[in-house]
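Here's the structure, in structure tokens; my notes come after.
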Amino acid sequence: MANLVVDIGNTLTKAAIFEQDELVYTEHYTTLNTEILDTFLTRYAVDKAIISSVKKNSEAWESGLKQKVQLIYFNTGMTTGIHNHYRTPQTLGLDRLAAVIGANHLYPDKNNLVIDGGTCITYDWIDAGGNYFGGSISPGLNMRYNALNHYTAGLPVVKQDPDFKSNSGNDTETAIRSGVQNGIKFELNGFIESYVHDEKQLNIILTGGDSIFFDTLLKNSIFAPYIKNEPHLVLKGLNAATQKHND
């Protein structure tokens, strides 16, 4: 039997099918509907589903799904193998929680630093004992580029360039690119170095839409041997929560 995992974000919805720990299919949608879900249910013999959502209102297809499979709503009380010491667990983003659950599930008994490159960049640390105390949130790559244009009168909108390697720019466009991309590179290295100072042995797990770009920024760093790219870490964390949910 298979698990259906649905992660509803602000703009996209990701759906995935897992058979035990194996991710067998994933896709993202601007709008998910009953027809798509019915295809999943019949093709993969789904008997359990989990939904994680940033939205307060239910989607139209949820009531129908609930009648066909066991439906679980992911929440901050589902810690699934970790000890959550976050001071305000009710305010912890579900994506951050799912990511650290996924890291602990994939790499148990290891120190894991999860770096999620999405709309924001989040840094979350979970130690080898499964203890999670929190992390850091900073503006994401595209947010930084857009903010320079939005909050100034004269700076243009500039797009990311993974091939940009210079330490400085020689015109406005490359100066912005240097500031944003080198700024993130120095930030990544700084955060990683601070954790390595406390714990010499750790995994650096990159996930999120900009994870490949971040991997490029870090590939020549001393931390490169410790980097693991897990683009579907949040989905894998939700699946782990599904497997261990017995209600």
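The values are calculated or read from the model by the stated rules, or taken from the named source; none is laboratory data. None of these values were measured; they are calculated from a predicted model. Cβ atoms come from the backbone with ideal geometry, glycine included; neighbour counts cover every protein chain shown.
So that you can scan it fast, the table gives a plain yes or no per residue for (1) in contact with a strand residue (DSSP E or B) (Cβ under 6 Å, 6 or more places away or on another chain); (2) surrounded by fewer than 20 Cβ atoms within 10 Å (Cβ to Cβ); (3) closer than 18 Å to residue 16 by Cα:
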site: 66; (1), (2), (3): no, yes, yes
site: 69; (1), (2), (3): yes, yes, yes
site: 72; (1), (2), (3): yes, yes, yes
site: 78; (1), (2), (3): no, no, no
site: 93; (1), (2), (3): no, yes, no
site: 119; (1), (2), (3): no, yes, no
site: 135; (1), (2), (3): yes, no, no
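Tally the residues that are charged (D, E, K, R), under 22 Å from residue 20 (Cβ atoms) and either assigned to a loop (DSSP other than H, G, I, E, B) or over 17 Å from the mean Cα position of the chain (by Cα) (or both), restricting the search to the range 201-247. Explain how you work it out, then say what you get.
Restricting attention to the range 201-247, the residues satisfying the condition of being charged (D, E, K, R) are 210, 215, 219, 228, 230, 236, 244, 247.
Then keep just the ones that are under 22 Å from residue 20 (Cβ atoms); that gives 228, 230, 236, 244, 247.
Subset that is either assigned to a loop (DSSP other than H, G, I, E, B) or over 17 Å from the mean Cα position of the chain (by Cα) (or both): 230, 244, 247.
Residues in the range 201-247 being charged (D, E, K, R), under 22 Å from residue 20 (Cβ atoms) and either assigned to a loop (DSSP other than H, G, I, E, B) or over 17 Å from the mean Cα position of the chain (by Cα) (or both): 3 in total.
The number of residues in the range 207-229 that are surrounded by 13 or more Cβ atoms within 10 Å (Cβ to Cβ) and either of a type in the set (Lys, Arg) or not assigned by TED's automatic domain parsing to the domain that holds residue 112 (or both) comes to 1.
A residue that is modelled with pLDDT of 95 or more, loosely packed, with under 15 Cβ neighbours inside 10 Å and in a loop (DSSP other than H, G, I, E, B) cannot be found anywhere in the range 172-186.
Test residue 45 against the criterion of being over 17 Å from the mean Cα position of the chain (by Cα) and more than 19 Å from residue 73 (Cα to Cα), and give yes or no. It is true that residue 45 is over 17 Å from the mean Cα position of the chain (by Cα) and more than 19 Å from residue 73 (Cα to Cα). Scanning the range 52-78 for residues that are out of contact with any Asp or Glu (no Cβ under 7 Å at 6 or more places or on another chain), touching a residue at least 24 places away in the same chain (Cβ under 8 Å) and not small (Gly, Ala, Ser) yields 54, 55, 59, 61, 65, 68, 72, 74, 78. Put simply, of 151, 123, 132 the only residue that is in the same structural domain as residue 209 (by TED's automatic domain parsing) and more than 18 Å from the chain's Cα centre (by Cα) is 151. For the range 155-166, the criterion of being in the same structural domain as residue 230 (by TED's automatic domain parsing), touching a residue at least 60 places away in the same chain (Cβ under 8 Å) and touching a helix residue (DSSP H, G or I) at 6+ places or on another chain (Cβ under 9 Å) is met by none of the residues.
I need the full set of residues from the range 36-52 which are out of contact with any strand residue (DSSP E or B) (no Cβ under 8 Å at 6 or more places or on another chain) and β-branched (Val, Ile, Thr), in order please. Once the filter is applied, which keeps residues that are out of contact with any strand residue (DSSP E or B) (no Cβ under 8 Å at 6 or more places or on another chain) and β-branched (Val, Ile, Thr), the range 36-52 yields 39, 42.
Please state which one of 162, 139 is touching a strand residue (DSSP E or B) at 6+ places or on another chain (Cβ under 9 Å) and over 22 Å from residue 84 (Cβ atoms). It would help to see each step written out before you state the result.
Details: 162 fails: touching a strand residue (DSSP E or B) at 6+ places or on another chain (Cβ under 9 Å).
Of the residues listed, the single one that is touching a strand residue (DSSP E or B) at 6+ places or on another chain (Cβ under 9 Å) and over 22 Å from residue 84 (Cβ atoms) is 139.
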